[in-house]
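Just below is one structure, and these are the notes that go with it.
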Amino acid sequence: MTVSQRNRTLTTDVAIIGAGPVGLFAVFELGMLKIKSVVIDTLPAVGGQCTALYPEKPIYDIPGFPSVDAADLIKNLEEQAAPFDPEYVLGEQVVECTKLASGEWELVTNKGTAITAKAVIIAAGCGAFGPNRPPLAGIEQYEDTSVHYMVARREDFRGKNIVIAGGGDSAVDWAVSLAEVANKIYVVHRRDKFRAAPEMVSKMQALAETGKIEMVIPYQLEALEGDGKSLSAVVVKSMDGTTRALDAQHLLAFFGLSMELGPLATWGLNLDHSHITVEVGTCATSAAGIFAIGDIATYPHKLKLILCGFAEAAHAAHAIRGIVYPDTAYHFEYSTSKGVPA
Ligand SMILES: Cc1cc2nc3c(=O)[nH]c(=O)nc-3n(C[C@H](O)[C@H](O)[C@H](O)COP(=O)(O)OP(=O)(O)OC[C@H]3O[C@@H](n4cnc5c(N)ncnc54)[C@H](O)[C@@H]3O)c2cc1C
C-alpha cells in the first residue's frame with residue numbers, strides 16, 4: 001500500500017514501530033541516552049499482546065516482580081517512559097518505510113502521518129494486530145463509539161447495557177470484570193461450552209444466577225440497530241432462526257485477533273520465517289539505521305520473552321546512540337548515577 005497524501009509530519013530521533021512492552025521500554029532506554037522517540041501502533045491503546053490478549057493475567061517471569069498483571073506491567077512501562085515525553089501515534093499502521101536523501105528514514109502510516117527519524121526500531125511483535133470483525137452490515141460506523149474489540153477503560157462502560165460476544169478468555173474475563181460496573185451484560189455465544197479458564201467460567205455462571213449477566217446461548221450476532229453512530233440494540237439469532245433484539249448501547253466482540261507481518265515484509269529486510277534477522281549485541285537489521293527488537297527479531301537461540309526484549313531494547317538504544325550523536329564520545333553510566341528527568 002502506498003500512501004500519497006501526508007496529513008502531518010513528525011520529526012524525531014527514533015521512530016519505534018510497535019507500542020508493546022518492548023517498544024515502550026525502548027522509549028526509556030533511548031531517553032536515558034537523550035534520544036527522543038515517536039511510537040506508532042495499529043492498536044488504539046499501548047501494550048501490544050499484554051493489553052490486547054491477556055491484560056488481567058499475571059506474568060511471573062518479569063525480573064523483580066514475583067507476579068504482575070499484564071495490564072499493570074504496561075501501566076508501569078508507560079510511567080517509566082513518561083519522563084522522556086514520547087509522542088504516541090495510536091490507531092495507525094506503518095505502511096511505508098523509505099530512506100531519504102538526507103540519510104534519515106521516513107515512515108508513513110495508513111492515515112497519512114509521516115514520521116522522519118534518524119533511526120527506526122521495529123518492535124512489531126508478530127506484526128500488526130487486527131480484530132476479527134463479525135460480518136454485520138454497517139459495523140464500521142459504530143466502531144470506537146459503540147462497537148469495540150478491546151476494553152481500554154472499564155469506566156467507559158459504567159451503568160451501560162453491554163452485549164459481549166465470543167466464547168474465549170477475553171469474552172469470559174470481561175463479562176466478569178464489567179459486571180462490577182455495567183447495568184446489564186448479555187453474553188452471546190453459539191454453544192454452551194466456553195474455551196476459557198474454568199474458574200472464570202464458574203464466576204460468570206454465578207453472576208448469571210444473580211441476574212447481573214444474561215447468557216444468550218446458543219445465539220449468534222445478526223444485526224445492529226441504532227442511528228448510525230450510537231447503538232440501541234444488538235439483534236441475535238438462534239440456531240433455529242428465532243431472533244431477539246437485546247437492548248444495549250455497546251457491543252464487545254471478542255472473536256480473536258488476526259496478526260500479520262503486513263507491510264514490514266516488503267521493506268527488503270532479511271527475514272527468517274516471518275521474523276527479522278538481527279545482529280546479536282546491537283539488534284541491527286540488514287538495513288543500516290533500522291533495528292528490530294522483541295518478538296519480531298530473531299537470532300540463534302532467541303527466546304520470545306518480554307525480559308529478552310527488554311535487554312534487546314537496551315542493546316539497540318546503545319547502538320543507535322552513535323547514529324544520533326556521531327561526534328560525541330560515550331561514557332557508560334548506570335541509571336543510579338544518571339537519574340531520570342523530573
Ligand atoms: C496469552 C499469552 C501469555 C504470555 N505470557 C508471557 C509470560 O508469562 N512471559 C513472557 O515473557 N511473555 C509472555 N507472552 C509473550 C509476550 O506477550 C510477548 O513476548 C511480548 O508481548 C512481545 O512484546 P513486543 O513488544 O515485542 O510485541 P507485541 O506485544 O506483539 O507488540 C507489538 C505491537 O506492534 C504493533 N505493530 C505491528 N506492526 C505494526 C505496524 N506496521 N504499524 C504499527 N504498529 C504495528 C502491534 O499492533 C502490536 O501492538 C505471552 C503471550 C501470550 C499471547
### Query
Taking region 1-55 as the region of interest, how many residues are of a type outside the set (S, T, N, Q), near the ligand (Cβ under 9 Å from one of its atoms) and part of a helix (DSSP H, G or I)?
10
## Note on the structure
Within region 134-169, residues small (Gly, Ala, Ser) and at pLDDT 90 or above come out as Ala137, Gly138, Ser146, Gly159, Ala165, Gly166, Gly167, Gly168
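Which residues, taken from region 56-66, are under 15 Å from Met200 (Cβ atoms) and either of a type in the set (S, T, N, Q) or near the ligand (Cβ under 9 Å from one of its atoms) (or both)? Lay out the reasoning, then the answer.
Pass one, region 56-66, residues under 15 Å from Met200 (Cβ atoms): 56-58.
Within region 56-66, Lys57, Pro58 qualify.
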### Message
Out of the residues in region 181-221 meeting the condition of being of a type in the set (S, T, N, Q) and outside any loop (DSSP other than H, G, I, E, B), tell me which one is farthest from the chain's Cα centre (by Cα).
### Response
Thr210
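Just checking, how many residues over region 56-100 are in a loop (DSSP other than H, G, I, E, B), more than 18 Å from Ile121 (Cβ to Cβ) and under 18 Å from the mean Cα position of the chain (by Cα)?
Start the filter on region 56-100 by keeping residues that are in a loop (DSSP other than H, G, I, E, B), which leaves 56-57, 60-61, 63-64, 66-67, 85-86, 91-93, 100.
If we keep only those that are more than 18 Å from Ile121 (Cβ to Cβ) too, we end up with 56-57, 60-61, 63-64, 66-67, 91.
Remaining after also requiring under 18 Å from the mean Cα position of the chain (by Cα): 56-57, 91.
Adding up the residues that qualify gives 3.
Rundown of residues vs (1) crowded, with 17+ Cβ neighbours inside 10 Å; (2) of a type in the set (Asp, Glu); (3) within 15 Å of the ligand (Cβ to nearest atom); (4) closer than 30 Å to Val181 by Cα, yes/no style:
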site: Met204; (1), (2), (3), (4): yes, no, no, yes
site: Ile213; (1), (2), (3), (4): yes, no, no, yes
site: Tyr219; (1), (2), (3), (4): yes, no, no, yes
site: Lys229; (1), (2), (3), (4): no, no, no, yes
site: Val234; (1), (2), (3), (4): yes, no, no, yes
site: His275; (1), (2), (3), (4): yes, no, yes, no
site: His301; (1), (2), (3), (4): no, no, no, no
### Task
Within region 47-78, track down each residue that is farther than 15 Å from Gly23 by Cα and of a type in the set (S, T, N, Q).
Ser67
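Going residue by residue through region 160-180, is there one that turns out to be small (Gly, Ala, Ser), over 19 Å from Gln249 (Cβ atoms) and either in contact with an Asp or Glu (Cβ under 8 Å, 6 or more places away or on another chain) or in a helix (DSSP H, G or I) (or both)?
Applying the first criterion (small (Gly, Ala, Ser)) to region 160-180 yields 165-168, 170-171, 175, 177, 179.
Subset that is over 19 Å from Gln249 (Cβ atoms): 167-168, 170.
When the remaining residues are screened for being either in contact with an Asp or Glu (Cβ under 8 Å, 6 or more places away or on another chain) or in a helix (DSSP H, G or I) (or both), the result is 170.
Scanning region 160-180, I find at least one residue that is small (Gly, Ala, Ser), over 19 Å from Gln249 (Cβ atoms) and either in contact with an Asp or Glu (Cβ under 8 Å, 6 or more places away or on another chain) or in a helix (DSSP H, G or I) (or both), so the answer is yes.
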### Task
May I ask you to say which residue of Leu107, Leu90 is among the aliphatic types (A, V, I, L, M), in contact (Cβ under 8 Å) with a residue 24 or more places away in the chain, under 18 Å from Gly262 (Cα atoms) and surrounded by fewer than 19 Cβ atoms within 10 Å (Cβ to Cβ)?
Leu90
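What number of residues within region 232-262 are outside any loop (DSSP other than H, G, I, E, B) and on the phi > 0 side of the Ramachandran plot?
Applying the first criterion (outside any loop (DSSP other than H, G, I, E, B)) to region 232-262 yields 232-238, 243-247, 250-253, 257-260, 262.
If we keep only those that are on the phi > 0 side of the Ramachandran plot too, we end up with 262.
So the answer is 1.
I'd like to verify a number: residues in region 101-110 that are in a strand (DSSP E or B) and either near the ligand (Cβ under 10 Å from one of its atoms) or of a type outside the set (A, V, I, L, M) (or both), how many?
Taking region 101-110 first, the residues in a strand (DSSP E or B) are 105-109.
Those left that are additionally either near the ligand (Cβ under 10 Å from one of its atoms) or of a type outside the set (A, V, I, L, M) (or both): 105-107, 109.
Residues meeting the conditions: 4.
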### Message
Looking at Leu257, Leu246, Leu261, Leu252, can you tell me which residue is crowded, with 18+ Cβ neighbours inside 10 Å and at pLDDT below 95?
### Response
Leu257
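The values are calculated or read from the model by the stated rules, or taken from the named source; none is laboratory data. Just so it is clear, the structure is predicted and the values come from calculations on it, not from any experiment. Positions of Cβ are generated from backbone atoms using ideal geometry, with glycine treated the same way; all protein chains shown enter the neighbour counts.
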